[in-house]
Amino acid sequence: MSEQATDKRVREASRRHFLQAGAALASGSAIAGLAGTNALAGSDSNLPPNVPEWMKAPGDSMGSQPYGAPSVHEKGVVKNISKTLPQYISASGRTPLQELDGIITPNGLFYERHHGGVPTIDPAEHRLMLHGMVDRPLVFTMEDIRRFPSQSRIHFIECSGNPVYTKPYGKTASDLVGLVSCAEWTGVPLKTVLDEAGLQPGAKWIVAEGADAAALTRSIPIEKCLDDAMLVYSQNGERLRPQQGYPLRLLLPGFEGNMNVKWLRRLKVVAEPAYSREETSKYTDPMPDGTSREFTFTMEAKSIITRPSGGQKLTTQGFHEITGLAWSGRGKIKRVEVSVDGGKSWQDAALQEPVLTRALTRFRFPWHWDGAPALIQSRAIDETGYMQPTLVELVAVRGLNSFYHNNAIWPWRIDANGEVSNGQA
Amino acid sequence: MARLELTTALLTSAIMTVVVAAHAEERYGIGSPATPAEIAGWNIDIGRDGSNLPPGSGSVERGRVVFSEQCAACHGDNGQGGVGDRLVGGQGTLASPKPIRTVGSYWPYASTLFDYIRRAMPQNAPQSLSNEDVYAVSAYILSLNGVVPANAVLDAKSLAAVKMPNRDGFVSDPRPDVHDR
């Protein structure tokens, strides 16, 4: 028998096997995702015992991608952007959390929220002005900012509306809490820059303003500015992306994302807050009694199982690793508990080291799925002892119209056929 | 004894001087002085007490014209909302199951309205309106909400004097508010 004939015979045998075994099993994955990562090659000619085609000819030459892009087979892993938003100038795009591993969000998938579009800023023409209650009002070029002693730290940033309290709830982990991402940030501690100008007595707040079309403005308490606040110019080793505030943004670890002002151009030291639109009309939390909470900065402890999660499908019984992310704006994650029986019992998940303060923390929990319907969920406990609440507990205090700062436990329902869906829907 | 105390005092003074000098040396000498003119061009924040409001004034009548030209496409002819936020109505609804949050029902300070319009509106051309027109549009939106009369003319003084209906509707952050079980 010729080699070609052998190949043909093997291919056909494999195809029959493939048809019998079913698409999902043949894909070699126990969880089928939505992003097309398990799309089937229509042929077995690249499978053992055959030599795959990509070994039979040279690949792309050096320089074919001056800035490396993901594999063409990962093209479905992109930001989750609703197709039905009323407008896209003031809008948000979510991180596809369920497609990612580890704790660092790739820069191209970091969640976005902007209020006046993404400006294109020439760093040579960008300035940071520091004025108000300071001894020496100063203007800094980007070159100036980069001359200060630098630091790198890993922190999450999370939008405070992640998710809202009302239905329709999202289908996937990204739909629900995709407005959180985590990166290694490099820049200068804000305190270092403030010392350069000299704070005057009575300085209690700093008003930060962006150089975007919204000239977005938030007031930051001086204690945070002198604690762990940073002016950052790099993210995961490269300069900030335009969507993340290029060339300069404020980083306020653990505070709601909107306060981490992007395209930062001005810091004004003052005695009282600006009461800007973004801290009165928006980013305030309406309560059932008609009052609203203002200056609700800290993002409380939260966790989400990212695999298996909504939109995925378990294709086999047996072993499955449950994994997800936990984080707290108040510090480190101390413990994550997982329940696989609808919340009747909880067991500790393993935390991936290093567990960093105000950073995403990866947790894992080994699980054997017996093929029966199940409700799985996680809850985070941070180093202050605070435990992530249920949605029922949150709503009992805040009602359904609070909009921001929903950090509820979010269960996933697994049907007998393995399909995973939102356990609250 | 007296001499010892004096010596101590001198020594302390000397140490203080050194500390101050060392502190001063911690500065890196990075950055350029911000000139008053540079600051004036960028410092557009309006305080809740109306501080830093610019000269000029604008009437509800003028505001009606500016609104129809610059704002109505997104916010509706009467501020009822569209692509942009609803701006009018909703007073008395905040404690209801369906609260309607608008400038009139929710915003605590009229100064914020001026500040926001001047810095960010209209969305397609922010910082393009004259101060007079910002006063006028602010006056018109406030009049649609019944906060100022239909013949109002607002300037720095009168805008600062406006008391918004929800001025006292905000409370400080009580979290953690869901306690451990």
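Side notes on the structure shown:
- Amide H within-cut-off set for A:Gly132, under 5 Å, with H built and near neighbours excluded: A:Val269
- Extension gain from A:Gln317 to A:Arg239, taking 0.36 nm per residue of separation minus the Cα-Cα distance: 23.6 nm
- Expressed in Å, the radius of gyration and Dmax of the Cα atoms of the protein assembly as shown are 28.4, 115.
- Electrostatic dipole magnitude of region B:47-107 [Cβ: Lys, Arg +1; Asp, Glu -1; Cα centre; debye, to 20]: 200 debye
- Length available on full extension from A:Ala372 to A:Thr166: 0.36 nm per residue minus the Cα-Cα distance, which gives 71.2 nm.
- Pairs exceeding a 30 Å alpha-carbon distance, out of A:Lys171/A:Lys268; A:Lys224/A:Lys334; A:Lys262/B:Lys157; A:Lys191/B:Lys163; A:Lys171/A:Lys191; A:Lys79/A:Lys332: A:Lys171/A:Lys268; A:Lys262/B:Lys157; A:Lys191/B:Lys163; A:Lys171/A:Lys191.
- Just checking the listed ones, A:Arg307, A:Arg358, A:Arg335: in the Gaussian network model of chain A with Cα springs under 10 Å, the one fluctuating most is A:Arg335.
- The Cβ shell under 14 Å around A:Arg113 holds other residues with a net charge of +2, Lys and Arg each +1, Asp and Glu each -1.
- Hypothetical label at B:Val171: residues of region B:88-108 whose amide nitrogen lies under 14 Å (7 Å Cα-Cβ projection): B:95
- Both numbers refer to the Cα atoms of region B:44-169; Rg and Dmax are 13.4, 42 Å.
- FRET E, pair B:Gln80, A:Ala124, Förster distance 56 Å, beta-carbon r, rounded to 0.05: 0.80
- Over the protein assembly as shown, dividing the summed -39,500 (n - 2.57) contributions of all DSSP H runs of at least 4 residues by the number of residues returns a 222 nm mean residue ellipticity of -6500 deg cm²/dmol.
- Label-to-label distance for A:Val72 and B:Lys163 is 7.0 nm, based on points extended 7 Å past Cα in the beta-carbon direction.
- Peptide-level mean, for A:200-209, of C-beta atoms on other protein chains within 10 Å: 1
- Counting other Cβ atoms within 10 Å as a rough exposure proxy, the listed residues A:Glu300, A:Glu294, A:Glu238 run A:Glu238, A:Glu294, A:Glu300 from fewest neighbours to most.
- Region B:73-107 and region B:44-72 have their alpha-carbon centroids 19 Å apart.
- Under a 5 Å amide H cut-off, with hydrogens placed 1.01 Å from N, A:Gln235 pairs with A:Thr186, A:Leu240 among residues at least 5 apart or on other chains.
- Top positive-direction residue, dipole computed over the protein assembly as shown with Cβ charges, set B:Pro174, A:Ile381, B:Tyr135: A:Ile381
- Peptide B:98-106 shows a mean partner chain C-beta count of 3 within 10 Å per residue C-beta.
- Amide H contacts under 5 Å for A:Ala408, placed H, 5+ residues apart: none
- Shielding of peptide B:37-48 by partners, expressed as the average count of other chain Cβ atoms within 10 Å per residue Cβ, is 5.
- Looking at region A:42-89, the chymotrypsin sites (Phe, Trp or Tyr not before Pro) that sit in a DSSP loop and have at most 15 other Cβ atoms within 10 Å of their own Cβ are A:Tyr67, A:Tyr88.
- Contact order, relative form, for region A:184-284: 35 percent (alpha carbon pairs under 8 Å, 6 or more residues apart, mean separation divided by residue count).
- Between A:Glu184 and A:Gln352, the modelled label-to-label distance comes to 1.5 nm, taking each label 7 Å out from Cα in the direction of the beta carbon.
Laboratory data are not the source of any read-out in this text; all were calculated from the coordinates shown. Being a predicted model, the structure only gives us computed values, none of them experimental. Cβ atoms come from the backbone with ideal geometry, glycine included; neighbour counts cover every protein chain shown.
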